[in-house]
1. I need T6, T36 ordered by Cβ neighbour count within 10 Å, fewest first.
2. If you average 1/r across every pair of different Cα atoms in the range 1-69 and take the reciprocal, what Kirkwood value do you get, in Å?
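No value in this document is a laboratory result; all are computed from the given coordinates. It should be emphasised that the depicted structure is a prediction, and the values quoted were computed from it without experimental measurement. All Cβ positions, glycine included, derive from the backbone under ideal geometry; neighbour counts span all protein chains shown.
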Amino acid sequence: MSASQTRTLRDLLLIAGLFAAMLVGALMGLAHHAATHKLGMDHVVSGVALNMLAFSGSGYLLRRFFTRAQPPDFSLLAPFQLAHAAMPGRDDERLLARIALAHDHRAGRKHA
């Protein structure tokens, strides 16, 4: 398989994974709706149960498809790195501190 075919296959698998995640999310939402509105279950109980199901289900699938002998290859995701969100010339910590202090100043809080 050539490099361009590998890249195309990787891109298709990534897109298929994203669509599968959207489909499962929609099905979980539909299950939550059915449990709360049709069956009368409490919203919190249904939400916690579905989150526990999703957490354990993803752990099961991870163990099923990836073993310690064959770890997932995260280098395939290298082209999809997110851009750095810091302002040019400023570091993230100073930016977050300025936002927090500005919020506190508007709320009337004093800092030492």
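1. Exposure proxy ranking, most exposed first: T6, T36.
2. Kirkwood radius, the range 1-69: 14.5 Å.
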